[in-house]
Amino acid sequence: MKQITKTLKYIRCATFNSILAATVIGLAACGKSSENTTTNNTVGGSTGETVKVGVLHSLSGTMAISETSLRDVLLFTFDEINAGGGVMGKMIEPVVADGASDWPNFAEKAKQLLLDDKVSVTFGCWTSVSRKHVLPVFERNKGLLFYPVQYEGEEMSPNIFYTAEALNQQAIPAVDYLLAAGKKKFYLVGTDYIYPQTTNLVLFQYLRSKGIAEEDIGGGLRKEGNKTIGAGKYTPFSHTDYQAIVAEIANFSAGGDACVINTINGDSNVPFFKEFAASGLTAEDCPVVSFSVSEDEFRSLPTKDLVGHLGCWTYFMSLDTPANNKFTKSFASWLADTDVTGIKKEDRVTCSPMVLSYNGVYLWKKAVEKAGTFDPTAVMKALEEGISFDGPAGPVTSQKNHHLTKNVYIGETRSDGQFKVVKSFEKVYGEPFLEGTFK
Amino acid sequence: MQLTASRLLMSHLIALAVFALVTLALVPLIYSSGGIANHDIQRYGKYLCWAALAVSLNLLWGYTGLLCLGQCVFFGLGGYAFGMYLMLNVGVDQVYKTALPDFMDFLGYTELPAHWKPFESFGFAVGAVIWVPGVMALIFGFLAFRSRITGVYFAIMTQALTYVAWILFLRNEFTFGGNNGFTDFKKILGANLYSHPHTSTNGKELLFFILSALLLIVTILLMIALTRTRFGKIQRAIRDSENRVRFSGYCTENFKLFIFTLAAIIAGIAGALWLPQAGGINGDVFLPRESLWVVVWVAVGGRGTIWGPVIGAILISALKSWAQREYENTWIIILGGVFLIIVLFLPGGISSLGKKLLGWIRICRSRTENFITNRKKKVDPNGDGEETLQ
């Protein structure tokens, strides 16, 4: 008798479990199908009084420290636009999804934003790998993505608009500035991934075209036959030991007139700059120009070790213009008033990727108004024809190649984590394909 | 005893039949009637692949006592092996308009590296999905088990293995796309891999869902079979007391090596089926974080049970995916809360819920009965209303 009860119990457990497992998928499927029949969307994601806009950034994981700032500034921009009457009379309704620093997850969330929420436009992505993962999704479903972070170029998707800095809006002006300052030797160091690799290869070709000898370009060259296919010194992500590399830089710069082009990403900058300062190298004899360190990154960096070193972006928070003062003031007061959960209110700064996100939203608004529709293809066409907007860092104009003409600034790091602008280049045309163009 | 075992087997098989009916008949039926969107069936397919991955870890951790913190190494290797085939079938429809994958043009390659060439063949790539993770596990397992690395040391070694793979696969010189990895797949055996809604081309979304379901069904069948054979008994004996098994004259190393390799192959196939449904892979698949998720699925679902890992993987992934959209700021707290509740109240995992409920009902019943008998006898020795159980 006891045996039978036991058996029955086992059966109940096992059956319960498996039915649980099997029904999950079935339920999910049924839930979805009923949802699909009840939703009745019009083209382009605008229903009734609102227009749905996707925000796809990492709010958790390793990239959250950088990307949450972009989510914040996007929500601020939407509120600002809604307060001014919305886009073509429709209020922006943000749909925020967490990419969670997980690249296949970016693709999954992009699909849901486009196909379930039917957003008109998406603002998102920071890393190149996340953009590479969502690119096919936007192309297959004819969506529209605004990408706001400096990147390596070599890409021009019909469904992505790059408000980001192209290489000639960051790396090339920085080198021009250093050449004009009399620098003759350039040491290239970066994290081993596609952005530093491409930047350094392009810079190598550019420096050679400016008459800099191969032996004056430090960090090592990788060759295939006579052709140089790689330049610079690379370390893995989260690398911490920069002793040998800094010693090499000290040797390299011993003759004077040397500088370092730094494309190290993220937290590795902490040990790099600590080691650099400890070795006795200073910004006077060997300045470091960094392409991945903006005001927002100083939250996690030893600022005193960076004083005097250079940064190059298309926006600095310290720009003293009426447009920028208005922008920083309204962002600060929005931060103070907002009740969105998860937004940090203290010690907030603005930086270039944030302003490029802000500019992106206004460019989209103007393009929608010009096209007279929210349809992504028509909006992209309007953008290709050229839309101008007076942003916090000066005027920006959209180009046919999906990039932006904008001002470029070179700044010197101050002890308060801000930059002193030392040089500006006006209205630089964004050029994504540079590799192999310098002879 | 014989009766119990065969009844148990029957219930597992019935459950499997229900599962097969849902995944191989019901879901495809709803899909073809337009009830499930393409991107949703891809998402369900991913869950099934993760479930197979969780089952492969359960084979090691639940049934053999080998905690592997790097199961995603094999998942990733399978994914990369299949990804190489898919990358070579992107065609010239890319930025650089050459037959090479874009990232190779990018890095200055003028011809395909020698080790990429065989992957132009579909058959070779499918074979590699099986033997690459298998050989990797065989070598690693041989070295680890021969040196009698067990317990927490084995877990640390596997974690180190996945970390090494992570650093290696992020390097551009390693010729697997570096940090950008493999994305933007287009064709498989000449057919379109994905549906294009605007040109009404049909893709292979349903096919990969069905293949994932088949993989999971086969692995579960394998698990059911293993628990009933002599081999399975030795396997569980190794988990419970390896030294006694060894002193009984069994070469436990060989058993463990076989199971480790088998689990790696299952994980590899799961990775290969997952890749086209996920749409891309990069070195981050080897992050220790990814392998830890698998451990969480198994633990939450129920370690050492047939269905536990399946339930854990599917429920947790579905919950995570849903919460990341609905509660984008607090989903981590929600998920963490669920884990805490399960650890505190269901240490055996979700699959022990049925058993636990029965247990609770029995306790309640006996307490009530006790209470009633005590009341009748009017015995209340402490005077605090609490009954004392004998």
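The values are calculated or read from the model by the stated rules, or taken from the named source; none is laboratory data. Small disclaimer: the values here were computed from a predicted structure and weren't measured. Virtual Cβ from ideal backbone geometry, glycine too; neighbours counted across all protein chains shown.
Of the listed requirements (1) under 25 Å from the mean Cα position of the chain (by Cα); (2) surrounded by fewer than 17 Cβ atoms within 10 Å (Cβ to Cβ), B:SER147 misses just one: (1).
So that you can scan it fast, the table gives a plain yes or no per residue for (1) surrounded by fewer than 21 Cβ atoms within 10 Å (Cβ to Cβ); (2) at pLDDT 90 or above; (3) among the small types (Gly, Ala, Ser):
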| position | (1), (2), (3) |
| --- | --- |
| A:LYS184 | yes, yes, no |
| A:PHE204 | no, yes, no |
| A:ARG222 | yes, no, no |
| A:PHE237 | yes, no, no |
| A:SER279 | yes, yes, yes |
| A:VAL288 | no, yes, no |
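Taking the conditions exactly as written (modelled with pLDDT of 90 or more, in a loop (DSSP other than H, G, I, E, B) and within 12 Å of chain A (Cβ to nearest Cβ)), does B:TYR163 satisfy them or not? No: the conditions fail for B:TYR163.
Collect the residues in the stretch A:145-167 that are more than 20 Å from A:TYR193 (Cβ to Cβ) and in a helix (DSSP H, G or I), keeping them in residue-number order. The answer is none; no residue qualifies. For the residues B:ILE316, B:ILE311, B:ILE350, the requirement of being crowded, with 19+ Cβ neighbours inside 10 Å, more than 27 Å from B:MET157 (Cα to Cα) and either at pLDDT 95 or above or among the charged types (D, E, K, R) (or both) singles out B:ILE311.
The set of residues from the stretch A:151-199 being within 14 Å of another protein chain (Cβ to nearest Cβ) and among the hydroxyl-bearing types (Ser, Thr, Tyr) comprises A:TYR151, A:SER157, A:TYR162, A:THR191, A:TYR193, A:TYR195, A:THR198, A:THR199. When B:LYS186 is tested against the conditions (1) over 29 Å from B:ILE36 (Cβ atoms); (2) at the interface with chain A (Cβ under 9 Å from one of its Cβ atoms); (3) in contact (Cβ under 8 Å) with a residue 60 or more places away in the chain, the lone failure is (1). Could you tell me how many of the residues in the stretch A:37-66 are in a loop (DSSP other than H, G, I, E, B) and either modelled with pLDDT under 60 or under 18 Å from A:TYR362 (Cα atoms) (or both)? Of the residues in that region, 4 qualify. Within the stretch A:79-111, the only residue that satisfies the criterion of being in contact with a strand residue (DSSP E or B) (Cβ under 9 Å, 6 or more places away or on another chain), closer than 18 Å to A:TYR147 by Cβ and of a type in the set (S, T, N, Q) is A:ASN105.
Yes/no matrix, rows are residues, columns are (1) under 20 Å from the mean Cα position of the chain (by Cα); (2) surrounded by fewer than 24 Cβ atoms within 10 Å (Cβ to Cβ); (3) modelled with pLDDT of 95 or more:
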site	(1), (2), (3)
A:VAL119	no, no, yes
A:PRO148	yes, no, yes
A:TYR151	yes, no, no
A:GLU154	yes, yes, no
A:ASN159	yes, yes, yes
A:TYR162	yes, no, yes
A:LEU167	yes, no, no
A:ASN200	yes, no, no
A:GLY211	no, yes, no
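When restricted to residues that are closer than 30 Å to B:ARG289 by Cα and without any contact (Cβ under 8 Å) to a residue 12 or more places away in the chain, the stretch A:78-115 contains 2. Within the stretch A:311-326, being in contact with a helix residue (DSSP H, G or I) (Cβ under 7 Å, 6 or more places away or on another chain) and among the hydrophobic types (A, V, I, L, M, F, W, C) holds for A:CYS312, A:TRP313, A:MET317.
So, in the stretch A:133-148, of the ones that are hydrophobic (A, V, I, L, M, F, W, C) and more than 8 Å from chain B (Cβ to nearest Cβ), which residue ends up farthest from A:SER120 (Cα to Cα)? Steps first, answer last, please.
Step one: of the stretch A:133-148, the residues hydrophobic (A, V, I, L, M, F, W, C) are A:134-135, A:137-138, A:144-146.
Adding the requirement that they be more than 8 Å from chain B (Cβ to nearest Cβ) leaves A:134, A:138, A:144-146.
On the way: A:VAL134: 16, A:PHE138: 12, A:LEU144: 7, A:LEU145: 9, A:PHE146: 11 Å.
Selected residue: A:VAL134.
Exactly one residue among A:GLU215, A:GLU275 is away from chain B (no Cβ under 12 Å), crowded, with 20+ Cβ neighbours inside 10 Å and acidic (Asp, Glu), and that residue is A:GLU275. Residues that are over 20 Å from B:PHE345 (Cα atoms) and either among the aliphatic types (A, V, I, L, M) or in contact (Cβ under 8 Å) with a residue 40 or more places away in the chain (or both) within the stretch B:360-379 comprise B:ILE372, B:VAL379, listed in sequence order.
If I filter the stretch B:223-254 down to residues being hydrophobic (A, V, I, L, M, F, W, C) and free of Cβ contacts under 8 Å to residues at least 40 places away in the same chain, which single residue comes out as surrounded by the most Cβ atoms within 10 Å (Cβ to Cβ)? Looking at the filtered set, the residue picked out is B:VAL245.
Of these, A:SER69, A:SER34, which one is in a helix (DSSP H, G or I), away from chain B (no Cβ under 13 Å) and either modelled with pLDDT of 95 or more or out of contact with any Pro (no Cβ under 6 Å at 6 or more places or on another chain) (or both)? Can you show your working first?
Numbers: A:SER34 fails: away from chain B (no Cβ under 13 Å).
Being in a helix (DSSP H, G or I), away from chain B (no Cβ under 13 Å) and either modelled with pLDDT of 95 or more or out of contact with any Pro (no Cβ under 6 Å at 6 or more places or on another chain) (or both) holds for just one of A:SER69, A:SER34, which is A:SER69.
Among the residues of the stretch B:4-38, those that are in contact (Cβ under 8 Å) with a residue 12 or more places away in the chain and either over 29 Å from A:ASN141 (Cα atoms) or within 7 Å of chain A (Cβ to nearest Cβ) (or both) comprise B:ALA5, B:LEU9, B:HIS12, B:LEU13, B:ALA15, B:LEU16, B:PHE19, B:ALA20, B:THR23, B:VAL27.
Residues in the stretch A:178-195 that are hydroxyl-bearing (Ser, Thr, Tyr), in a strand (DSSP E or B) and within 16 Å of A:TYR151 (Cα to Cα): A:THR191 only.
Test B:ALA213 against the criterion of being within 14 Å of chain A (Cβ to nearest Cβ), among the aliphatic types (A, V, I, L, M), out of contact with any Cys (no Cβ under 8 Å at 6 or more places or on another chain) and assigned to a helix (DSSP H, G or I), and give yes or no. Against the criterion (within 14 Å of chain A (Cβ to nearest Cβ), among the aliphatic types (A, V, I, L, M), out of contact with any Cys (no Cβ under 8 Å at 6 or more places or on another chain) and assigned to a helix (DSSP H, G or I)), B:ALA213 qualifies.
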